[in-house]
Amino acid sequence: MNFIKTAIPDVIIIEPRVFGDERGYFVETFRQDKLNAFLGFNVDFIQDNESKSGYGVLRGLHYQLAPASQTKLVRVIKGKVLDVAVDIRVGSPTFGQHVSVELSEQNKRQLFVPRGFAHGFVVLEDDTIFAYKVDNYYSPENDRGLAFDDPSLGIDWLVTKEQLQLSAKDTVQPTLDKAELFVNAGSLYA
């Protein structure tokens, strides 16, 4: 596995090694020991989630506040998405900045999204299957979100607003300046 730091060093692209031949391919999609060694601390994932969506579906930007904040490790099994992580840690040198990465069944890339980041993705191919691991359970009372179209974030979702499909919840999220955010930017896992 190849670990690549992004413009926001806490957000990591993971490129697994793919072994292919005329029969197909084999890939190790997750290795706890290698991830923890690269990070220098342990992340214990406790739940796997999966969604299937059509072109233009945008899910996000979502996060959970402490004590239920979540680290996510996301990937695409089938299809293609643009995956986005926004730094919402007040006091962080990269506060309000984002990383966008295309994840697809072809490139097999994964994105490690730590606590303190809002996360979302837009589907770029019909019948896309998206999978992710989390290190904390869903907590409705700690569930929060950001407006996907907040101009201060400057996210290019690669899909026109008319083509987007959003949940009712995602159409009414606050902008960054009005959202409840992470205040302990010094430590991702405190």
Check your understanding: Any idea how far apart ILE77 and VAL183 come out in nm if each label point goes 7 Å out from Cα toward Cβ?
Key -> 4.0
Check your understanding: Which peptide among 90-96, 130-136 comes first, and what is the full order, when sorted by highest mean count of other Cβ atoms within 10 Å?
Key -> 130-136, 90-96
Exercise for review: Might you tell me the accessible area per residue for region 7-166, computed with a 1.4 Å probe and given in Å²?
Suggested key: 47
Review point. Applying the Karplus parametrisation 6.51 cos²θ - 1.76 cosθ + 1.60 with θ = phi - 60° to the phi angles of region 155-161, what ³J(HN,Hα) value in whole Hz is obtained for each residue in order, glycine and proline being reported as x?
Key: 7, 9, 7, 6, 10, 5, 4
Point to revise | Two-site label geometry, GLN97 and PHE26: point separation in nm, points 7 Å out along Cα→Cβ | key: 4.0
**Study point:** Förster-model FRET efficiency, 25 Å R0, ASP143 and PHE38, C-beta, rounded to 0.05
**Key:** 0.30
Exercise for review: Just order 27-34, 99-106, 173-180 by mean Cβ neighbour count inside 10 Å, highest at the front, would you?
Suggested key: 99-106, 173-180, 27-34
Practice item. Would you work out what percent of the accessible area of region 1-142, with all protein chains in place, is carbon or sulfur (probe 1.4 Å)? Key: 48
Exercise for review: Please say if the chain is rounded, prolate or oblate, where rounded means a/c under 1.5 for a ≥ b ≥ c the square roots of the C-alpha gyration tensor eigenvalues, and otherwise the choice is prolate for a/b larger than b/c and oblate otherwise?
Suggested key: oblate
Check your understanding: Excluding VAL99 itself, what net charge comes from residues whose Cβ is under 9 Å from its Cβ, given Lys and Arg +1 and Asp and Glu -1?
Key -> -2
**Study point:** Separation in nanometres of the label points that stand 7 Å from Cα toward Cβ, at PHE3 and GLU162
**Key:** 4.5
Exercise for review: List, in order, the whole-Hz ³J(HN,Hα) value for each residue of region 15-23 obtained from phi through the Karplus relation with A = 6.51, B = -1.76, C = 1.60 and θ = phi - 60°; use x for Gly and Pro.
Suggested key: 10, x, 7, 10, 10, x, 8, 5, 8
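The values are calculated or read from the model by the stated rules, or taken from the named source; none is laboratory data. What you are looking at is a predicted structure, and each value in this text was computed from that prediction instead of being measured. Note: ideal-geometry Cβ built from the backbone for every residue, glycine included; neighbour counts use all protein chains shown. Note: areas computed on protein heavy atoms with side chains; ligands, DNA, RNA excluded. Shrake-Rupley method; radii C 1.70, N 1.55, O 1.52, S 1.80 Å.
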